[in-house]
Amino acid sequence: MKTIWLKPGKERSLLRGHPWIYDSAVQRGGGDAGETVRVCTSDDKFLAWAAYSPQSKIRARVWSFDEAQRVDAPFLEALIHLSTRTRAQFPIKSDGIRLIHGEADGLPGLIVDRYADTLVAQFLSAGTERFKPIIVPALLAATGLQKLYERSDSGVRQLEGLPPATGWLTEAVGDTALSIQEHGWRLGLNIQEGHKTGFYLDQRDNRQKFSEYAARLQFKRVLNCYSYTGGFTVAALAGGAEHVTSIDSSGPAIEKAKENVALNGFDLGRCTFMDADVNGSLRQLIAEGKSFDAIVLDPPKFAPTAAHADRASRAYKDINRLAFKLLDVGGVLFTFSCSGGIDPDLFHKIVAGAGNDAHVDAFICERLGAAPDHPMTVNFPEGEYLKGLVLMKKPHAPRTRIAKEDAQVSASDKA
Ligand code: SAH
């Protein structure tokens, strides 16, 4: 059995149950890619069993803190069964469900989404890659399904020194264009061409909430920024919104969004689609004197880690500032960040700063997170990646201003 010994003091996070061991924490020892290694303190006390990853900065990911535990097929099968059983207890109104959410389910680097009768898996760590021949049949046995598609083409694989891998992992194959029922609507997605495993299941409950707001506040003009395949667009239309403008810089995503509007029987005349950059479009809409009574901002991950937080903060602040300007008084902004490197407090501060810069105040109506099938755990704070705020723009309140700063703000908006 191979062993790695940590530098003195580097055992602390493991003793708190955190599952990652950074390369800088390792004093000596090693193993092959994905091999299960014994992790010990510098003075040889057992800490954990972990999957070794020779090329990654996250040098090992913990499978178990129990010295008596063997990391083998029954161990992995039990974890997979537990995850799928747990999901059955969550109140999920969809046949699109995240069944396995990596570290939170004790399976670091494994993501499995179910779309109706098809499973889509991402093997994102050396450990899950090595155990793929065990994990695949275990997933089929735990779900009773026959179709499993692999989407291990995330950039994270490169960091693990693993090549991209995509395609069917089962004899049974199907169409890669699928659809799921979510709340009261149907959404088409493509597991081969779509982002991640094909769809953003984490926003499921927030889409429903947006639909409820649309119905309650009778949205007239909605702006859905970073719309992807139109999940929030369909949700708004289902809630009775009169007109929805959707912006995304991915042409195929915009096409799918149009299909999804039609799939639900809504009139495409109630929609405008823009295949464009959001930042530039927001500036353009301001310049055209447009305004909206509801806006969604759901950008991609600007800060994958805390090291990117500064630059990302500026980018988040900018789009939120522009959105505040476009929002009617009494209008509602659903604003999100899915960056692991931006914690909820910082996100709150960024949005507050954006409001200040735009000279608007807003009620914080609600704080949002990922749907329950993307669970967080106490020991893994990195799991809290998606955070959102629902804000309602307050009437203008006069404030002391410095003329020069004002001039800069309006000049940059025109840029
Ligand atoms: N709200 C969506 C998910 C959004 S994911 C849903 O509920 O399904 C983020 C989206 O931002 C992706 O579709 C990506 O194509 C888009 N995107 C990334 N950078 C962009 C940019 N600069 N301008 C417009 N869209 C962008």
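Just so it is clear, none of the values below were taken in a lab; they were calculated from the coordinates. None of these values were measured; they are calculated from a predicted model. Quick reminder, even Gly has a Cβ in these numbers, built from the backbone with ideal geometry, and neighbours come from all protein chains shown.
Straightening the chain between K394 and H81 buys 107.8 nm, computed as 0.36 nm per residue apart minus the Cα-Cα spacing.
Among 339-348, 110-119, sorting by the average number of other beta carbon atoms lying within 10 angstrom of each residue, highest first, gives 110-119, 339-348. Can you list the residues of the range 140-156 with backbone N under 14 Å from a point 7 Å past the Cα of K57, pointing along Cα to Cβ? Counting only backbone N, you get 156.
Remark: spin-label model distance E255-R70 equals 5.1 nm, labels positioned 7 Å along the Cα→Cβ axis.
Where in the range 136-155 does the amide nitrogen come within less than 14 Å of the point 7 Å from the Cα of Q192, taken along Cα to Cβ? Of the residues in the range 136-155, 149-151 have backbone N under 14 Å from the label point off Q192. Once the Cα atoms are used to define both axes, helix 309-326 deviates from the longest principal axis of the chain by about 30 degrees. In a GNM of the chain with a 10 Å cut-off on Cα contacts, which of Q208, Q192, Q69 has the highest mean-square fluctuation? Maximum among the listed residues: Q69.
Net charge in the neighbourhood of S125 (other residues with Cβ under 15 Å of its Cβ; Lys, Arg +1, Asp, Glu -1) is -3.
When the chain is treated as a Gaussian network with alpha carbon springs shorter than 10 Å, the biggest mean-square fluctuation among S13, S249, S64 belongs to S13. Each residue, K93 and K132, gets one label point 7 Å from its Cα in the Cβ direction; the gap between the two is 3.8 nm. Near E35, the amide H atoms lying under 5 Å from its own belong to Y52; only residues 5 or more places off or on other chains count, and H is placed 1.01 Å from N.
One decimal place: the segment I364-V378 gains 2.5 nm when fully extended, by the rule 0.36 nm per residue minus the C-alpha distance. Toward the positive end of the charge dipole of the chain, with +1 on the Cβ of Lys and Arg and -1 on the Cβ of Asp and Glu, the farthest Cα among V62, L282, G31 is that of L282. Between A358, G198, G341, the Cα set farthest toward the positive side of the dipole of the chain (charges on each charged residue's Cβ, about the Cα centre) is that of A358. Using C-alpha pairs below 8 Å separated by at least 6 residues, the relative contact order for the range 1-61 is 39 percent.
Here the calculated FRET efficiency for T3 and A172, from their Cβ-Cβ distance with R0 = 56 Å, stands at 0.85, rounded to the nearest 0.05. A simple spin-label model places pseudo-atoms 7 Å from Cα toward Cβ; at L263 and K301 they are separated by 2.5 nm. If you take every DSSP beta bridge whose two residues both sit in the chain, what share of them, in percent to the nearest 5, is antiparallel? For the chain, the DSSP antiparallel bridge percentage is about 65.
For V26, the shell of other residues with beta-carbons less than 10 Å away shows a net charge of +3, using +1 for Lys and Arg and -1 for Asp and Glu. A straight Cα-to-Cα reach below 18 Å connects K57 with the lysines K7, K10, residues fewer than 8 places away in its own chain not being considered. Take each peptide in 78-91, 149-162, count the other Cβ atoms within 10 Å of every residue, and average; sorted highest first, the result is 149-162, 78-91.
Pairs from the list K220/K258; K209/K349; K147/K387 with a Cα-Cα gap above 30 Å: K147/K387.
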